[in-house]
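Enquirer: My questions all concern the structure below.
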Amino acid sequence: MALLGLLEREPSHGYDLKRDYDAYFGRGKPLPFGQVYATLGRLARDGKVLVGETEPGAGPDRKRYVITKQGVSEVETWLREPVEPEPHLQTVLFVKVVLALMSGRSAEGYLDLQRAAHLQRMRELTALKRTGGMVDALLADHGLFHLEADLRWIELTAARLDALADMVRA
Amino acid sequence: MNAETVRAHPDAPGALIEARDVGLSFGPTPALRGASVAVQAGEILAVMGPSGSGKSTLLHCLAGILTPDTGEILLAGRRLDTMRENARSALRRDRFGFVFQFGQLVGELSAVENVALPLLLSGTPRAEALARARSWFDRLDLDGTQTRRCGELSGGQAQRVALARALVARPEVLFADEPTGALDSLTGEHVMNLLVSCAREQGTTVILVTHEPRVAAYADREIIVRDGTVTSFAAAPLLP
Ligand SMILES: Nc1ncnc2c1ncn2[C@@H]1O[C@H](COP(=O)(O)OP(=O)(O)OP(=O)(O)O)[C@@H](O)[C@H]1O
Ligand SMILES: [Mg+2]
């Protein structure tokens with residue numbers, strides 16, 4: 001879907017699509033050329049893109065792809081679909097806290113370690129943000145806010161451990 | 001005395017600034033109970049922990065503003081807590097910088113006069129102090145505010161002016177207590193970026209109190225203050 005969305009901007013060669021995909025969405029996992037052409041082939045078969053004439057010149061990438069009306073409407077539909085709001089009420093953090101309490105281990109000790117690990121990851125993302133470009137910064141921020149949400153839960157849970165322990169042991 | 005001479009002090013092989021087993025009570029309320037922390041020269045340390053746990057009190061002890069009841073504060077290996085008050089205040093003026101959450105700027109003075117204040121207080125000639133102060137406005141994206149009175153600045157502008165004032169005299173140690181507390185996320189991020197870049201450039205050691213993880217993530221490491229003591233995360237077994 002990302003490729004189709006990129007193609008909506010203007011007719012493009014597979015190479016341009018791959019380059020822009022890697023720049024915006026790749027994040028250290030560049031898209032293999034084979035996958036680009038396989039995807040474009042599938043989109044063409046389904047009538048979402050048209051393959052232009054083979055252009056003169058050297059190199060394998062002499063075809064331009066153009067999005068169809070059906071392709072545009074597919075992008076439109078996809079962009080209107082909200083992503084499933086996460087998370088679900090089942091988290092390994094919670095399971096660890098409860099099991100620590102049930103077994104008489106230190107849940108606070110576990111939460112301290114988890115906090116330190118979260119903060120370490122936040123430091124890495126902050127460093128990425130300070131050295132990278134706008135795309136890196138936006139993605140890093142997404143990660144940072146999610147980690148921050150976990151940390152707020154960790155703080156609140158740490159403050160409620162006594163009550164939680166009473167309940168678990170009852 | 002400049003930063004290099006202090007860091008090369010023969011009695012300070014390790015930490016630049018250190019609290020050893022510090023206790024302090026306000027009347028019957030114990031704010032610190034045996035808090036220990038060692039901060040390396042050039043390090044940026046975040047101090048986190050619940051409200052009322054003793055973070056600000058610890059910061060004030062490390063900065064020589066409060067005197068602990070028990071324990072020791074060491075600066076480059078020298079006792080800070082037993083120094084006479086006038087020696088300590090000279091040291092705060094010449095070697096420390098401070099940024100706090102509110103009410104630190106002199107509202108009646110212009111922004112540039114506020115930034116120049118630490119230089120003026122330590123005897124720099126007025127023209128030179130103002131020139132050095134002015135050089136901060138561009139890098140802090142504060143152009144055009146130089147002559148405004150500080151009472152008229154927005155929260156984010158005031159906080160950047162406060163940061164410039166804290167750093168203008170090139171302190172060895174910057175103490176910051178919730179420096180982004182009153183700011184929105186983007187402005188807070190701007191202030192933190194500047195704080196970290198300036199500190200790294202000047203080799204300033206930073207002790208930063210914050211309850212915001214995204215602010216703490218700018219530091220090299222964090223300590224957690226809880227009930228007046230510093231928690232460390234040695235990989236101890238979870239079973240008692
Ligand atoms: N000047 C004071 N007089 C009396 N008690 C004080 C004083 N300053 C702090 N305390 C008490 O000492 C304890 C620690 O306070 P401190 O300001 O160090 O907490 P903190 O961790 O900075 O909290 P916060 O996150 O809310 O700023 C608290 O119980 C507080 O009420
Ligand atoms: Mg405080």
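Enquirer: Do we find that A:Val75 is assigned to a strand (DSSP E or B) and more than 30 Å from A:Glu155 (Cα to Cα) in this structure?
Expert: So A:Val75 fails the test.
Enquirer: All but one of (1) more than 30 Å from A:Ala23 (Cβ to Cβ); (2) within 9 Å of chain B (Cβ to nearest Cβ); (3) touching a Ser or Thr at 6+ places or on another chain (Cβ under 9 Å); (4) open to solvent by 20 Å² or more (accessible area, probe 1.4 Å) hold for A:Asp112, so report the exception by its number.
Expert: Only one criterion in (1) more than 30 Å from A:Ala23 (Cβ to Cβ); (2) within 9 Å of chain B (Cβ to nearest Cβ); (3) touching a Ser or Thr at 6+ places or on another chain (Cβ under 9 Å); (4) open to solvent by 20 Å² or more (accessible area, probe 1.4 Å) is unmet by A:Asp112, namely (4).
Enquirer: Of everything in the stretch A:138-170, what is farther than 30 Å from A:Gly26 by Cα, small (Gly, Ala, Ser) and part of a helix (DSSP H, G or I)? Give them in sequence order.
Expert: Correct list: A:Ala158, A:Ala159, A:Ala163, A:Ala165.
Enquirer: Considering B:Gly27, B:Gly52, which residue is within 13 Å of ligand 1 (Cβ to nearest atom), within 14 Å of chain A (Cβ to nearest Cβ), open to solvent by 50 Å² or more (accessible area, probe 1.4 Å) and over 22 Å from B:Leu163 (Cα atoms)?
Expert: Exactly one residue qualifies, and that residue is B:Gly52.
Enquirer: Working carefully through the options A:Gly26, A:Gly52, find the one that is under 28 Å from A:Ala140 (Cα atoms), at pLDDT below 90 and surrounded by 11 or more Cβ atoms within 10 Å (Cβ to Cβ).
Expert: None of the other options fit; the residue is A:Gly26.
Enquirer: Return the residues of the stretch A:115-124 that are more than 7 Å from every other protein chain (Cβ to nearest Cβ) and either crowded, with 17+ Cβ neighbours inside 10 Å or not in a helix (DSSP H, G or I) (or both); say none if nothing qualifies.
Expert: Those that are more than 7 Å from every other protein chain (Cβ to nearest Cβ) and either crowded, with 17+ Cβ neighbours inside 10 Å or not in a helix (DSSP H, G or I) (or both): A:Arg115, A:His118.
Enquirer: Which one is nearest to the other protein chains (Cβ to nearest Cβ) among residues in the stretch B:185-214 that are open to solvent by less than 10 Å² (accessible area, probe 1.4 Å) and within 16 Å of ligand 2 (Cβ to nearest atom)?
Expert: Filtering first and then ranking leaves B:Thr210.
The values are calculated or read from the model by the stated rules, or taken from the named source; none is laboratory data. Computed from a predicted model, the values in this text were never measured in an experiment. Every residue, glycine as well, gets a Cβ built from its backbone with ideal geometry; the counts of neighbours run over all protein chains shown. SASA here: full protein model, heavy atoms, side chains in, ligands and nucleic acids out. Shrake-Rupley method; radii C 1.70, N 1.55, O 1.52, S 1.80 Å.
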